[in-house]
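First the structure, in the form of structure tokens, and then the observations on it.
The values are calculated or read from the model by the stated rules, or taken from the named source; none is laboratory data. The structure displayed is predicted, hence computed values, not measured ones. FYI the Cβ positions are ideal-geometry reconstructions off the backbone, even for glycines, and counts take in every protein chain you see.
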């Protein structure tokens, strides 16, 4: 099976590339070559900016693929470009959407693929919804062979799933407080990229996936308090947590606010029955306690990986100082 990944060196796609190659898939990566992650060993690499249609057509000339996975399409015009380029030429097109497209906050838990799509806060999520709607219309009109995959909060060892990234870990190590949205008791789902990869690769070339939508997540449920504690404990410290309402976070920083109000502030528990039915080998085996250990070990192994943001530190210090003055 010949598969093209558009992207292929990101947090999620890198793990999927490794698993695809282990399964014997003939994998090609098309990207600009600007990622910090090296392409998976054994993959063929084509260089082009996928937003430059002429350059893409040139590097893909004469190439045929059974499956195309676009990891870097975020808006309907980008998906339309894929439809124009690959329509009638591939057996399956996989669009990587987002679980943040689901109804926010969800009216019912667990979240299933049939849960309505509606995110009134986060533009990123609304764009993903519009992309999905375009694919559905195109399927009805011309049977374009799509599969939609909705990852939730997926991480690898290089990605710290906290607002400040390594800056939050550095604060913990120096005994400085870190903020937690709300009271920290909302339920969240973190998925290791290698677990996600088992589900995604099982959908490649799978006829049962055509015209279907899947989310692929862990079955482990964690509170935000527990997520911070597991990362702190992996670093050898007990973090000092300060709980701040998400609405107040948004008043200080729109990007952080949109991310929480439009996604992470609301409990997210997923029913993974559908992906398990279509890909029976899928099972998320890596608990976040192990993932947190991998994250901390990787970052502490090399000082160059320990990126600290002075701007974020200043924002957090100002926010905590003002909050503690108001609620001593």
Quick check: anything in region 234-251 buried (at least 17 other Cβ atoms within 10 Å of the Cβ) and without any contact (Cβ under 8 Å) to a residue 40 or more places away in the chain?
yes
Give me the pairs: first residue in region 105-117 and on the phi < 0 side of the Ramachandran plot, second residue part of a loop (DSSP other than H, G, I, E, B) and surrounded by fewer than 17 Cβ atoms within 10 Å (Cβ to Cβ), beta-carbon distance under 6 Å, and six or more apart or on different chains, which are they?
109/269; 110/269; 115/103; 116/103
Residues in region 170-179: is at least one within 18 Å of residue 100 (Cβ to Cβ) and touching a strand residue (DSSP E or B) at 6+ places or on another chain (Cβ under 9 Å)?
no
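The rows are residues; the columns are (1) surrounded by fewer than 19 Cβ atoms within 10 Å (Cβ to Cβ); (2) in contact with a helix residue (DSSP H, G or I) (Cβ under 7 Å, 6 or more places away or on another chain); (3) in the same structural domain as residue 137 (by TED's automatic domain parsing); (4) outside any strand (DSSP E or B).
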site: 208; (1), (2), (3), (4): yes, yes, yes, yes
site: 228; (1), (2), (3), (4): no, no, no, yes
site: 255; (1), (2), (3), (4): yes, no, no, yes
site: 262; (1), (2), (3), (4): no, yes, no, yes
Just to be sure I understand, how many residues within region 174-206 are closer than 15 Å to residue 95 by Cα and in a strand (DSSP E or B)?
0
From (1) crowded, with 19+ Cβ neighbours inside 10 Å; (2) in contact (Cβ under 8 Å) with a residue 60 or more places away in the chain, pick out the condition that doesn't hold for residue 43.
(2)
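Please verify whether region 111-123 includes one or more residues that are at pLDDT below 95, assigned by TED's automatic domain parsing to the domain that holds residue 211 and not in a loop (DSSP other than H, G, I, E, B).
Yes - at least one qualifying residue is present in region 111-123.
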